[in-house]
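Below: the structure, in structure tokens.
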Amino acid sequence: MKVFRRASDARTFRTASAAASIGFVPTMGALHSGHASLIERAVREHDLAVVSIFVNPTQFGPNEDFAAYPRDESADLAVCARLGTAMVFAPAVEEMYPPGDATRVRPGPIAERLEGGARPGHFVGVATVLTKLFSIVRPDAAYFGQKDFQQLRVVQTLSRDLHLGARVVGCPIVREPDGLALSSRNRYLSTDDRQKALALSRALFAATDDWARGEREPEILRDRVDRGASAPGVALEYVSVADPLTLDELAQPAERAVISLAARVGETRLIDNVLLGIRLEEIA
Ligand code: AMP
């Protein structure tokens, strides 16, 4: 497995493997089984799998956890090697944002609500770094988790609009046996908070059961999640029942939806979602 720090070296590697199909998994490191599921798929479906490890400062707000974000590069490289990754690109911040760096990529309305509303500038940072990474790696396909569902839709739109040439593939949320969605940030949770955080996935599963019983009224579904997730020690930021392609909030019953939420449990900000009436493979 090759590990490159310089964009020019990663680009040279890519150019030399021009005939091969490349599957790309961008990450911020602190890899867990959720990331591993993306890497396994990229390895399985392509001649070469490329993983990037980069904690991207421009997608963090001034009061967010950029400095404290978990970093464990040697463990991450071991995971990548074990799964059959051909190349890891792990640049320093100055490599991606050298002095004078000024260009930013602003996604459209799909990035303005939910996470974009709660974290102003977040998706400008995401779209900017992914445009840079895609132009270095030039992948045939890039793999993203449903865990960050809005990000998946933002990147699908970005790749299409800017003709980045990568198919952007969504992969299912990997959960702990008790339902908690895996996240690098889970390691911040105390034992007590981890228990409280279960209210989030349970509330989403309760709404999924309602949907299976035929409930389509967005207000009722929203309320169900709101009440289920409003447990002691859980501060809900938003609950959304939206169209799964546009992420427009649903006002009327619909035959497909994404219910997403964000909450703070202790100091840790968590997000989760469920997709209803549509399969992840249909999200493109
Ligand atoms: P991150 O390192 O948090 O930027 O995540 C890198 C990629 O892994 C993103 O596409 C995430 O959506 C995905 N990911 C994170 N957690 C999970 C999970 N529990 N299941 C599946 N994919 C995930």
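Just so it is clear, none of the values below were taken in a lab; they were calculated from the coordinates. Keep in mind it's a predicted model, so treat the numbers as computed, not measured. With ideal geometry, Cβ positions are generated from the backbone for all residues, glycine too; neighbour counts draw on all protein chains shown.
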* So how far apart, in nm, are the two label points at ALA92 and HIS32 if each is 7 Å from Cα heading toward Cβ? -> 3.0 nm
* **Helix 7-16 vs. the chain, principal-axis angle (Cα, 0 to 90°, nearest 10)** => 80 degrees
* For GLU176 paired with GLU255, estimate the spin-label separation in nm (one decimal), with each label point 7 Å from Cα along the Cα-to-Cβ line. => 3.8 nm
* For region 51-56, in order, what is each residue's ³J(HN,Hα) by Karplus, 6.51 cos²θ - 1.76 cosθ + 1.60 with θ = phi - 60°, in whole Hz (x at glycine and Pro)? -> 10, 10, 10, 7, 7, 8
* Against the longest principal axis of the chain, how steep is helix 149-161, in degrees 0 to 90 to the nearest 10, with axes from Cα atoms? -> 50 degrees
* Cα to Cα, under 20 Å, and not fewer than 8 places away if on the same chain: which lysines meet these conditions relative to LYS132? -> LYS2
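May I ask for the Rg/Rh ratio of the chain, computed from Cα atoms with Rh as the Kirkwood radius, given to two decimals?
For the chain, the value is 0.96.
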* Treating the angle as unsigned and between 0 and 90°, give the value, to the nearest 10°, between the Cα long axis of helix 191-212 and the longest Cα principal axis of the chain. => 70 degrees
* **Cα Rg, Dmax (largest Cα-Cα span) when computed across region 133-284, Å** => 16.2, 47
* **Gap separating the Cα centres of region 87-124 and region 226-284, nearest whole Å** => 23 Å
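Under unit Cβ charges (Lys, Arg +1; Asp, Glu -1), what dipole magnitude, rounded to 20 debye, does region 146-256 have relative to its Cα centre?
460 debye
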